[in-house]
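Asker: Below is a structure I'd like to ask you about.
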Amino acid sequence: MEQNANEYMTQTESGKMVVLDYFFGEGENMQAYQLIRFAEGEAWNVVFDGRLWASVRKDKSKWVKVIGETIDDAQVYDIGKFIDAQHFNLLPSKIKSHWREYVAEVIMITDSEYIIVTLPDISFERFQKMFCSFIKELVEDPWPINFKVYNSEFTDEFFARVS
C-alpha cells in the first residue's frame with residue numbers, strides 16, 4: 001500500500017481546511033483519494049473520483065466511520081492511521097513550545113512549507129543560528145521542509161530547509 005502526504009491547507013470561515021492526498025493499493029490497482037477536513041474538530045471526508053465516499057472521525061482515540069456503506073473497518077483504520085501519521089498538527093506547536101521566547105507564530109502553508117514570525121525585541125541573528133542548528137531535531141520523520149522565518153516587523157528574514 002502506497003500512501004502520500006501531499007497536503008493543501010486554506011483558510012475558511014470555520015477554520016483551516018486541510019486536504020491530504022491518500023493513495024491506496026499498489027501498481028495498476030492504486031487509487032487516489034482525497035481526505036478533506038473543513039475545520040478542526042470536524043470529520044474527515046474521504047473523496048474518490050470527485051464524490052464523497054465516506055466520512056471518518058476519531059472518537060475516544062479510535063477511528064470510526066461516520067458515513068459510507070462501502071468502506072470497511074480495515075480501511076477506516078488505515079485512513080485514520082495515515083491521518084495520525086501526518087505531522088501538520090504537531091510541528092507548529094513543537095516549534096512554538098521549543099522557542100517560546102522567540103516565536104510568535106508558526107503558519108503552515110503545506111506539510112513541506114512553513115512561515116515563522118518571531119516575537120519583537122529578540123536577537124534575530126541569534127535565533128537564526130539556534131533555529132538552523134536545531135530544527136532537524138524537532139522534525140521526527142525528516143521529509144523536505146522549507147521554513148521562511150521573518151522578524152516581527154517583517155524587515156528581516158532567513159530560509160532554512162530540512163530534508
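Asker: If you roll a 1.4 angstrom probe over the protein chains with everything in place, what fraction of the accessible area of region 23-163 belongs to carbon and sulfur, to the nearest %?
Answerer: Details: 4130 of 8530 Å².
The nonpolar share, carbon plus sulfur, comes to 48 percent.
Asker: Hey, another quick one. Residue by residue through region 52-58, what is 3J(HN,Hα) from phi via Karplus (6.51 cos²θ - 1.76 cosθ + 1.60, θ = phi - 60°)? Round to whole Hz and write x for glycine and proline.
Answerer: Here the 3J(HN,Hα) series is 5, 9, 6, 10, 10, 8, 8 Hz.
Asker: Leaving out ligands and nucleic acids, note down the accessible area per residue over the chain with a 1.4 angstrom probe, in whole Å².
Answerer: Here the per-residue accessible area is 60 Å².
Asker: Ranked highest first by the average count of other Cβ atoms within 10 Å around their residues, in what order do 70-81, 50-61 fall?
Answerer: 70-81, 50-61
Asker: Could you pull the accessible area for TYR102 with a 1.4 Å probe, rounded to 10 Å²?
Answerer: Estimated to the nearest 10 Å², TYR102 gives 40 Å².
Asker: A follow-up question, please. Counting only helical runs of four or more DSSP H residues, what would the 222 nm mean residue ellipticity of the chain come to if each run contributes -39,500 (n - 2.57) and the total is spread over all its residues?
Answerer: -7000 deg cm²/dmol
Asker: Moving on. GLU113 accessible area, nearest 10 Å², 1.4 Å probe?
Answerer: 80
Asker: Report, as a whole number in µm² per second, the diffusion coefficient that Stokes-Einstein gives for the chain at 20 °C and 1.002 mPa s using the Kirkwood radius over alpha carbon pairs.
Answerer: After rounding, the answer is 123 µm²/s.
Asker: Given H placed on each backbone N at 1.01 Å, which residues far from ILE67 in sequence or on other chains put an amide H within less than 5 Å of it?
Answerer: Amide H to amide H, under 5 Å and 5 or more residues apart or across chains, ILE67 pairs with SER55.
Asker: Structure shown: which of LYS58/LYS148; LYS60/LYS81; LYS96/LYS136 lie over 21 Å apart, alpha-carbon to alpha-carbon?
Answerer: Numbers: LYS58/LYS148 32 Å; LYS60/LYS81 14 Å; LYS96/LYS136 15 Å.
In this structure, LYS58/LYS148 exceed 21 Å between Cα atoms.
The values are calculated or read from the model by the stated rules, or taken from the named source; none is laboratory data. Note that the structure is predicted; figures quoted are calculated from it, not measured. For neighbour counting, all protein chains shown are included, and Cβ atoms are generated from backbone atoms with ideal geometry for every residue, glycine included. Calculation scope for accessible area: heavy atoms of the full protein, side chains included, ligands and nucleic acids excluded. Shrake-Rupley method; radii C 1.70, N 1.55, O 1.52, S 1.80 Å.
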